[in-house]
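The values are calculated or read from the model by the stated rules, or taken from the named source; none is laboratory data. Everything numeric in this text was worked out from a predicted model, so none of it was measured. Cβ coordinates were reconstructed from backbone atoms using ideal geometry, including for glycine residues, and neighbour counts include every protein chain displayed. Just so you know, the surface numbers come from the protein's heavy atoms only, side chains and all, with ligands and any DNA or RNA stripped out. Shrake-Rupley method; radii C 1.70, N 1.55, O 1.52, S 1.80 Å.
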Amino acid sequence: MPQPTPQPPTFEATNGTAQGMKWFKFVIYAQLFLSAAASLLNAFALFTGASYGDSADLVYTFYSGLRAVDILFAIIYVALAGAAIYVRMRLAKFRRDAPSLYLMFLAASLAAQILYAVFVMVVIGISPLDMFDISTVTSTITTVVLIVANKVYFERRAHLFVN
């Protein structure tokens, strides 16, 4: 006997007021695809040494451990690209675990950026003040704010993710 098709969720809060879903649609139709593409570009740059321009061989000769760090994080970025698409599909199907997976994906992306900077800092032998400039700190703070804002956003829409 065929099972009935689940009904799409209604976008109403528990108090009966309609909830906006524009951010959700942006996340599933743009942000996660762009995150996957950016992760693949980062992986390509790290695999090929393209981030060092024409002097990649010189950089890898001078800092022998840097090549291993770059390859390790290239693999991590390929995995993050796959995770972005997986999380996108879970969100689009309103799966119960999707919001948690999305928050974990954001945290994993942030962790990868910070860990890469720390590994490079150790291999190259520079101080944290030289490695963690204002743009790195700003990016980290922005990502943390994004995680917190998304946690609140998806908690308010938890009733939608029931599949």
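A few points about this structure:
- Lone qualifier among PHE154, PHE132 - being closer than 20 Å to LYS25 by Cβ and without any contact (Cβ under 8 Å) to a residue 60 or more places away in the chain: PHE154
- Contact map, segment 51-65: residues that are exposed (fewer than 15 other Cβ atoms within 10 Å of the Cβ) paired with residues that are assigned to a helix (DSSP H, G or I) and not aliphatic (A, V, I, L, M), Cβ distance under 9 Å, separation 6+ or inter-chain. Pairs shown: SER51/ASN42; SER51/ASP70; LEU58/TYR52; GLY65/PHE119.
- The set of residues in segment 4-30 being at pLDDT 90 or above and open to solvent by 50 Å² or more (accessible area, probe 1.4 Å) consists of LYS22, TRP23, LYS25, PHE26, TYR29.
- Checking each residue in segment 140-151 for being open to solvent by less than 50 Å² (accessible area, probe 1.4 Å) and more than 18 Å from PHE24 (Cα to Cα) picks out only THR140.
- SER109 being at pLDDT 95 or above, open to solvent by less than 50 Å² (accessible area, probe 1.4 Å) and out of contact with any strand residue (DSSP E or B) (no Cβ under 9 Å at 6 or more places or on another chain): yes
- Of all residues in segment 117-137, one or more are open to solvent by less than 80 Å² (accessible area, probe 1.4 Å), touching a Pro at 6+ places or on another chain (Cβ under 8 Å) and modelled with pLDDT of 90 or more.
- Just one of the listed residues (PHE44, PHE73, PHE33, PHE94) is assigned to a helix (DSSP H, G or I), crowded, with 16+ Cβ neighbours inside 10 Å and either hydrophobic (A, V, I, L, M, F, W, C) or touching a Ser or Thr at 6+ places or on another chain (Cβ under 7 Å) (or both), and it is PHE73.
- Condition met for LEU80 (at pLDDT 95 or above, under 30 Å from ASN163 (Cα atoms), of a type in the set (A, V, I, L, M, F, W, C) and surrounded by 13 or more Cβ atoms within 10 Å (Cβ to Cβ)): yes
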